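Structure first, then comments.
The values are calculated or read from the model by the stated rules, or taken from the named source; none is laboratory data. Bear in mind the structure is a predicted one, so any value in this text is a computation, not a measurement. Every residue, glycine among them, receives a Cβ derived from its backbone with ideal geometry; neighbour counts consider all protein chains shown. Ligands, DNA and RNA are stripped out before the accessible areas are found, and what is left, the full protein with its side chains, is counted by its heavy atoms. Shrake-Rupley method; radii C 1.70, N 1.55, O 1.52, S 1.80 Å.
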Amino acid sequence: MKKYILTVGPALGTEVPLKEVHNEKNIYRINGAHGSIEDIERMIQNIRSQIPESEILLDLPGNKVRTANIKEGIQLEKGKTFTLSCDHFNYRDFYRHLKPGMTAWANDSIFEFEVVSADENGIVFLSKSDGVLINNKGVHVRGIHKDIPFLFEKDRQLIDLANRYKLDYVGLSFVRFPENVKEAAALIGSGTKIISKIETIDAVEHLKEILPLVKYILVDRGDLSTDIGIAKIPRFQKYIIEKALYANVKVFLATQVLKNMETKPIPTIGEIEALYEIMKSGVYGVQMSEETAVGRYVPECVAMLNEMSQEVESETIQL
């Protein structure tokens with residue numbers, strides 16, 4: 001295992017100083033979906049002030065439709081309708097792509113809605129879930145993105161920011177076609193490495209055309225699961241890794257690698273077994289998301305990555 005992508009946030013980089021976990025394997029990730037351009041610039045400056053030589057990844061939010069301007073959570077009740085206005089989304093024209101009967105998944109597929117109606121006055125959903133819908137959560141509808149721009153305005157502003165600070169990596173979210181990579185590459189500085197995220201069924205279907213354009217990909221299993229269904233993740237993950245390695249493209253793997261360590265000091269045995277298999281599969285690195293951004297056991301989480309990496313490298317079994 002060559003690299004760990006560690007997401008900074010309220011935990012890592014704020015409560016937990018970077019020096020507590022830093023080593024040459026670390027890439028510090030800023031999730032561009034959270035915060036304003038000014039907030040993200042301050043995060044870059046904060047990382048550089050703590051570890052001047054640090055490698056930084058700025059992950060573009062991409063054209064993921066997200067809730068916006070929701071000041072108080074919306075209570076969802078199974079079997080009841082609720083309405084969101086155009087201003088409740090980061091993409092105001094979202095309604096134009098919807099038709100009654102379509103299914104929407106929100107908050108990493110925790111919530112499921114049916115579209116009842118959609119026009120310039122708002123979108124009426126029938127909730128099939130109980131819970132609370134809050135701000136900045138993804139709302140995914142399959143099969144509509146070919147008509148939605150690949151780069152939103154915030155993506156372009158973040159690319160400018162990455163160029164200005166000469167960041168090491170930019171992550172392209174919701175790549176679907178090779179043209180998406182080419183569009184972004186034309187804007188990104190030559191010294192910055194592109195990580196094309198594979199998190200849509202379209203990207204998987206066009207993988208052979210995407211791989212020659214990049215040196216790095218990242219398999220985001222969370223968003224990919226909303227497109228293909230969670231039961232297909234193991235098979236798709238294996239397929240993507242094998243194709244990338246054959247093409248000599250380095251692979252990062254993300255989403256819930258050590259999920260238990262958000263709130264517990266140790267992972268589950270299932271997570272450790274899965275992490276072992278991931279490291280044995282030939283991937284270049286893994287990404288910690290909530291585990292380090294908001295987790296309660298950040299140093300322990302990074303220590304576990306190091307311990308497992310050493311275990312795989314040594315393959316020593318002590319009975």
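Among PHE94, PHE174, PHE82, which one moves the most in a GNM of the chain with springs linking Cα atoms closer than 10 Å?
PHE82
Which of the peptides 62-75, 293-306 is most tightly packed, and how do the rest follow, judged by the mean count of other Cβ atoms within 10 Å per residue?
293-306, 62-75
Between THR103 and ARG235, what is the FRET efficiency for a Förster distance of 30 Å, r being their Cβ-Cβ separation, to the nearest 0.05? Spell out each step's value before the answer.
Values: r = 23 Å, r/R0 = 0.75.
Efficiency computed from Cβ-Cβ geometry: 0.85.
If you work out semi-axes √(5λ) of the Cα gyration tensor in Å from the coordinates, which of (1) 24, 23, 20; (2) 31, 22, 21; (3) 28, 27, 19 do you get?
(2)
Could you tell me the extents of segment 1-66's C-alpha atoms along the three principal axes, largest first, rounded to whole Å?
Principal extents (Cα only, largest first): 35, 26, 19 Å.
For segment 99-144, which whole-number percentage of the solvent-accessible area (1.4 Å probe, protein heavy atoms only) is attributable to carbon and sulfur atoms? The partial results should precede the final answer.
Working: 1030 of 2150 Å².
Taking all protein chains in place, segment 99-144 shows 48 percent carbon and sulfur surface.
Ignoring ligands, DNA and RNA, please state the percent of accessible area on segment 154-198 from carbon and sulfur, probe 1.4 Å.
Result for segment 154-198: 51 percent of the exposed heavy-atom area is carbon or sulfur.
Accessible area per residue of segment 20-61 at 1.4 Å probe, in Å²?
For segment 20-61, the solvent-accessible area averages 42 Å² per residue.
Roughly how far apart, in whole Å, are the Cα centres of segment 114-152 and segment 164-203?
First find each Cα centre; the distance between them is then 25 Å.
Using only alpha carbons, build the gyration tensor for segment 28-122 and give me the equivalent ellipsoid semi-axes, biggest first, whole Å.
Taking √(5λ) for each Cα gyration eigenvalue gives 35, 13, 12 Å.
What are the ³J(HN,Hα) couplings of segment 137-154, residue after residue, when phi is run through the Karplus curve with 6.51, -1.76, 1.60 and θ = phi - 60°? Round to Hz, x for glycine and proline.
So the J values, rounded to whole Hz, are 9, x, 10, 10, 10, 6, x, 10, 7, 5, 9, 9, x, 5, 9, 7, 4, 5.
Taking the chain as a Gaussian network, Cα atoms linked when under 10 Å apart, which of ASN107, ASN26, ASN121 shows the biggest mean-square fluctuation?
ASN121
Could you run the Karplus curve 6.51 cos²θ - 1.76 cosθ + 1.60 with θ = phi - 60° over segment 75-80 and give me ³J(HN,Hα) per residue in whole Hz, x for Gly and Pro?
6, 9, 10, 4, x, 10
Taking H as built 1.01 Å from N, whose amide H comes closer than 5 Å to the amide H of LYS137, not counting residues under 5 places away?
THR67
By the gyration tensor of its Cα atoms, with a ≥ b ≥ c the square roots of the eigenvalues, what is the shape of segment 256-297: rounded for a/c under 1.5, prolate for a/b over b/c, or oblate?
On the way: a/c = 3.58, a/b = 1.53, b/c = 2.34.
Oblate, since a/c reaches 1.5 and b/c is not below a/b.
Could you give the dipole magnitude of the chain about its Cα centre, charging the beta-carbon of Lys and Arg +1 and that of Asp and Glu -1, in debye to the nearest 20? Don't jump to the answer; show the numbers that get you there.
Working: 39 positive and 45 negative charges, 104 e Å.
Roughly 500 debye for the chain.
Among DSSP bridges having both ends in the chain, what percentage is antiparallel? Round to the nearest 5.
About 40 percent, rounded to the nearest 5.
Going by amide H atoms built from the backbone, whose H comes under 5 Å of the H on ILE198, apart from near neighbours?
LEU218, VAL219, ASP220
Taking amide H positions as placed 1.01 Å from N in the peptide plane, with prolines and chain starts having none, which residues 5 or more places from MET102, or on another chain, fall under 5 Å of its amide H?
Sorted by chain and number, the residues that satisfy this are VAL115.
How large is the helix-only mean residue ellipticity at 222 nm for the chain, computed as the sum of -39500 (n - 2.57) over DSSP H runs with n ≥ 4, divided by its residue count, in deg cm²/dmol to the nearest 500?
Using -39500 (n - 2.57) per qualifying helix, the result is -9000 deg cm²/dmol.
Measure out, as a whole number of angstrom, how far apart the alpha-carbon centroids of segment 204-245 and segment 1-80 sit.
About 23 Å separates the Cα centre of segment 204-245 from the one of segment 1-80.
Given THR226, ILE56, VAL181, which one lies farthest toward the positive end of the charge dipole of the chain, if we put +1 on the Cβ of every Lys and Arg and -1 on the Cβ of every Asp and Glu?
Positive-end residue among those listed: VAL181.
Can you tell me the orientation of helix 37-50 relative to the chain, as the angle in degrees between its alpha-carbon axis and the longest Cα principal axis, to the nearest 10?
Orientation of helix 37-50: about 10 degrees from the principal axis.
Nearest 5 percent is fine: what portion of the DSSP beta bridges confined to segment 1-152 is antiparallel?
70 percent
Provide the per residue accessible area, probe 1.4 Å, for segment 159-302, rounded to a whole number of square angstrom.
44 Å²
Using only alpha carbon pairs under 8 Å that are at least six residues apart, calculate the relative contact order of the chain and give it in whole percent. Don't jump to the answer; show the numbers that get you there.
Numbers: 616 pairs, mean separation 57.9, N = 319.
This gives 18 percent for the chain.
What are the ³J(HN,Hα) values, in whole Hz, obtained from phi via the Karplus relation 6.51 cos²θ - 1.76 cosθ + 1.60 with θ = phi - 60°, for each residue of segment 179-193 in sequence order, with x given for Gly and Pro?
Per-residue couplings from phi come out as 4, 5, 5, 5, 4, 6, 4, 5, 9, 8, x, 5, x, 9, 7 Hz.
Relative contact order of segment 178-319, please, whole-number percent, based on alpha carbon pairs below 8 angstrom and at least 6 residues apart.
19 percent
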